[in-house]
Each structure stands twice: as C-alpha cells, then as structure tokens.
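Take a look at the structure set out below.
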Amino acid sequence: MTITEMEATAANTPIDQSLFDQTYTEIEKKLLGAGKNLQLVSPTIDWWWDTASTGQIAPRAYQLANSIPKWSPVGDFSPGASGLYESYVQVLQHVNPSIPPEQQQAWNDAHNQLIAAQNKWQNDQTAMYRAWVVATTNLPPGVPAPDFTTWQKDSGWLGTLHADSVQIGKMQENMANITGQMDPELKAALAASAMPADKNAQKAGFTTMDQGDGTLIPVPNYLIGTSGQDWVALLTKGGGNQKSISVSQSQSSDNMTKSWAASHFSVDEWFWSVEASGSWSRLDIDDSDKSVSAQIDMTATWVQVTPGQWYDGAYMKTLAGQGNFFTPWTAKGGTSPVFGEGGVLPVMITGLVVAYQPSFTITMSQNTYTQAKQQFEAATGVRIGPFSFGGSGGHASNTVDKTASNGTFTGKSTATYPFIIGVTVALPGLE
C-alpha cells in the first residue's frame, strides 16, 4: 500500500506531519550520514524476492531497481509509472543533433520510426495501468490486491511491453547507424541502450528475467549489492549495525522541506495506527500530549543499486549542460524539462535503506495510555510512521509481539525477512 492508498478517511494532523519529518531526519542522520539524498518509503516494502538463477535478475528486484520515485522525500512506487530504462531511452529520443542537409531526410525518417515505436509502448503502458487499477479497485473485504509482478505476467502485459521495447531497440540501432560520427556520444548511447531481441544475445548491460513460467526475456541489468536473504544469513552469524531512532510529540520539525525535493512534502497517513479485523485505524493517542515519544531499534544497512552499462550518467550530465533538444523540450525548467522536477528523467534509485526485526517503545501520559490501551491490545498490527509491525499485507510471517504496561506500549516484528524503509536517490544530469 502506498501513501495515497490509505483509507480515504485518513486525515493526518500537523503532529503526524512533524513526526514523519522527525523520522526522516533521524534515518538520514543516524543510518546514512551526509552526502546521500533520502526518500522515505511508507509503509515499508518487503525486501525478500525469489533468488534468480545465475545470469538472471529476479522480477521483483528489477521492478524496484527500475522504478522512478516521485519527486518527494516520501516514496510512492506506482507500477504504472515509466521506469528508469524507459525514461532514459526517451531522453535520447529528444536529443536534436546537427545533421548535414544531405542526410537530414534519412535521419528524420529513422527518428520518426523510433518515436512511433515509443508511442506504441507508451499507449500500451497506459492501457496496462488502467487495467491494473481495475484489477485492484473495489475488491471484496479481506481480499488482498494481487501482486503486480505476477498480475503483469498473467495478464499478458509483460509480454506486450517487452515486444514494444524490442521494437524500440531495433529503431534505436537504426538511428544510431544513421547518426554515425555526426554525434558519436548519441550514437554510442543509442546503441548501448537498445534492447536485444534475443534472450541468448550476450550484450553488455543486459541480463535476462524469468516471466514466471520459465520463459526468459532480456531486460536491462541492475547491480544490487546483496539480497535480503544473503544479508539475513550474515546477521545470523552475529554482528550487524544496530541503530535507534527517536521521535517526540514535544518537538516540531520541518527539515523535510529543506530536503533535495525542497518543499514538496505531504503525507496522507496517520503516524500512529493499528489494524483490527483487517482494517487500519488511527491509534487514539492524544495530539496534545507532549509526553508521547517513541524509540525504534533495528539492525540496518544501506545496499547500493547501480544500473548496467546501458546507462551513461556522464552523457546525461553533458546533455543537461550543453544538450540541444527538439522543441518543446529543454534541459531543465520550463513546461517540458528533460531533467529535474517534472522532467522525463527526474530521479533514480541509487541504494536501499533496509532494516531487520525493528522493535518499538512508545511512552505517554497515564491519561493517553488509558484511552489507547484497549485499542492497542486488540490490534493485530501496529504502524509507527513508515514502520509496520504485523498486520495484513506483505510477508505472512510478519507478526508482532507487543505488551502494554505502566504508560508504555512495546512491540517487536517477528518477520524473518528485512524491510526497505527508504531509498537513496540521485538526480540524473544534475549531480
């Protein structure tokens, strides 16, 4: 569930906003340190995908690594959004190189064919997203939404979009050949990022992915530092970075408005919530109780995510500074930017911020404790900001051990897999 998918009746308060802001600041300061742009993931995402065979990438790993997050310090990973690879390819299509007059017509024809192939992909992507919305809307009570990766394969959309990408790749190679030495950097970028048609083709920067039925398709590769399974296996041998973050209703914070995404910060969630009978509701903690505070302890790490050789970050910087684009596109700013906020290629994931078996302690006044105790004790799940303890959704083994005593609520996730609590991002072309 994304931050916009919480029940429509959810109405957060200034206290909720401040507590999310404090959580962001604490994670940024205590888990990452300086030099990384954080995007909080709320609620957290399971970091546990099937292990892919050698020479392949797991579908869920690919879906996440290829995501383009919103321009916001709080993440929303929508399956309908264009991915990093697809957006990178679109950037190349908008570059307007200097072509000699005698070759202009041939180049225009090749470019038009590439744009037509891209438009077909875009139309199919839009149609897939609409079908996904239908498949996940108005579900009967207690029926969970389908897994997107499985649904995309079973519905046939994965195959359709892959065929579109292969056609785009053919048109890219054609345009690269015509571009030739007139623009060597554009030629190289077009050729390197062209999707191979054959899964058996050995092309740098690409790998294969199982569609779920044993059929392999070529996809752009991503290098992910480790898997959730391997990290947990290391933790079972001892060690790991033990981290704690703290928030309090007595504090106010607006640091998120000073983040890489500037003032774009709005969270439509309750900070304190519980689940009972399959439904989430606000935990009855009094906003005016300044004694309310929480500490969350966890084992945490940062895992690097890097696109394969199909991606040329240096060329993106060149285009952002000196690129010439077809009208109405501009490198940045204006109504049709290529880079930056609202651009074709605004943000990319560079790493995962992950945590294992977090625990919590919430302290409060006796009055607040009395009014919230029954609701807390009856809950099968608890959420504190982005952190989920038990409740429906996600991995079945994520239950919560919790107690209530003397003005304090405590609990611990029993999940045997880690959670993604945030991602680090870069701004292509701009940094």
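Things to note:
- Residues that are over 13 Å from Pro97 (Cα atoms) and not charged (D, E, K, R), drawn from segment 319-335: Ala320, Gly321, Pro328, Trp329, Thr330, Ala331, Gly333, Gly334, Thr335
- Selection of first residues in segment 334-350 that are in contact (Cβ under 8 Å) with a residue 40 or more places away in the chain and surrounded by fewer than 23 Cβ atoms within 10 Å (Cβ to Cβ) and of second residues that are in a strand (DSSP E or B) and of a type in the set (Gly, Ala, Ser), restricted to Cβ pairs under 7 Å at least 6 apart or on distinct chains, gives the following pairs, ordered by first then second residue: Thr350/Ala426.
- Residue-level analysis places Ile245 among those that are touching a Lys or Arg at 6+ places or on another chain (Cβ under 7 Å) and among the aliphatic types (A, V, I, L, M).
- Of all residues in segment 183-198, those that are closer than 12 Å to Asp312 by Cα have Cβ atoms under 9 Å from Cβ atoms of residues that are crowded, with 16+ Cβ neighbours inside 10 Å and among the basic types (Lys, Arg), 6 or more apart or on another chain, in Ala192/Lys203.
- Of all residues in segment 70-105 being within 20 Å of Ala117 (Cα to Cα) and among the hydroxyl-bearing types (Ser, Thr, Tyr), the one that is modelled with the lowest pLDDT: Ser82
Here's the yes/no breakdown for (1) in contact (Cβ under 8 Å) with a residue 60 or more places away in the chain; (2) over 17 Å from Thr150 (Cβ atoms); (3) assigned to a loop (DSSP other than H, G, I, E, B):
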site	(1), (2), (3)
Ile99	yes, yes, yes
Glu102	no, yes, no
Asn108	no, yes, no
Gln113	yes, yes, no
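- Residue within segment 394-415 that is of a type in the set (Gly, Ala, Ser), in a strand (DSSP E or B), buried (at least 22 other Cβ atoms within 10 Å of the Cβ) and out of contact with any His (no Cβ under 9 Å at 6 or more places or on another chain) present: yes
- Counted residues, segment 205-253 - those being among the acidic types (Asp, Glu), touching a residue at least 40 places away in the same chain (Cβ under 8 Å) and loosely packed, with under 15 Cβ neighbours inside 10 Å: 1
- Number of residues in segment 312-333 that are surrounded by 22 or more Cβ atoms within 10 Å (Cβ to Cβ) and not aliphatic (A, V, I, L, M): the value is 1.
- On inspection, Ser67 passes the criterion of being surrounded by 18 or more Cβ atoms within 10 Å (Cβ to Cβ) and either closer than 16 Å to Phe148 by Cα or at pLDDT below 85 (or both).
- Residues that are aromatic (Phe, Trp, Tyr), touching a Lys or Arg at 6+ places or on another chain (Cβ under 9 Å) and closer than 26 Å to Leu186 by Cβ, drawn from segment 289-340: Trp310, Phe339
- All conditions but one from (1) out of contact with any strand residue (DSSP E or B) (no Cβ under 7 Å at 6 or more places or on another chain); (2) modelled with pLDDT under 95 apply to Ala314; the one that does not is (2).
- Conditions (1) at pLDDT 90 or above; (2) under 30 Å from Ser293 (Cα atoms); (3) crowded, with 22+ Cβ neighbours inside 10 Å; (4) among the charged types (D, E, K, R); number of the one not met by Glu26: (3)
- Looking only at segment 152-198, and only at residues there that are acidic (Asp, Glu) and assigned to a helix (DSSP H, G or I), the one that is nearest to His111 (Cα to Cα): Glu173
- Looking across segment 138-151, the residues that are within 17 Å of Arg60 (Cα to Cα) and part of a loop (DSSP other than H, G, I, E, B) come down to Ala145, Pro146, Asp147.
- Test for Lys187: is it of a type in the set (Lys, Arg), at pLDDT 90 or above and either touching a strand residue (DSSP E or B) at 6+ places or on another chain (Cβ under 7 Å) or more than 26 Å from Gln152 (Cα to Cα) (or both): yes
- Top-ranked residue of segment 270-320 - restricted to ones that are touching a residue at least 12 places away in the same chain (Cβ under 8 Å) and part of a helix (DSSP H, G or I), ranked as nearest to Thr361 (Cα to Cα): Gly313
- Among the numbered conditions (1) over 13 Å from Gln17 (Cα atoms); (2) in a loop (DSSP other than H, G, I, E, B), the only one that Ser246 does not meet is (2).
- Unmet criterion (only one of (1) buried (at least 17 other Cβ atoms within 10 Å of the Cβ); (2) in a strand (DSSP E or B)) for Val267: (2)
- Test: residue in segment 50-63 that is buried (at least 20 other Cβ atoms within 10 Å of the Cβ) and closer than 21 Å to Ser253 by Cβ: no
- Hits in segment 201-223 - residues which are under 13 Å from Ala52 (Cβ atoms), in a loop (DSSP other than H, G, I, E, B) and touching a helix residue (DSSP H, G or I) at 6+ places or on another chain (Cβ under 8 Å): Gln211, Gly212
- Hey, Ser252 assigned to a loop (DSSP other than H, G, I, E, B) and over 23 Å from Tyr88 (Cβ atoms) or not: yes
The values are calculated or read from the model by the stated rules, or taken from the named source; none is laboratory data. Here the structure is a predicted model, which means the values were calculated and not measured. Every residue, glycine as well, gets a Cβ built from its backbone with ideal geometry; the counts of neighbours run over all protein chains shown.
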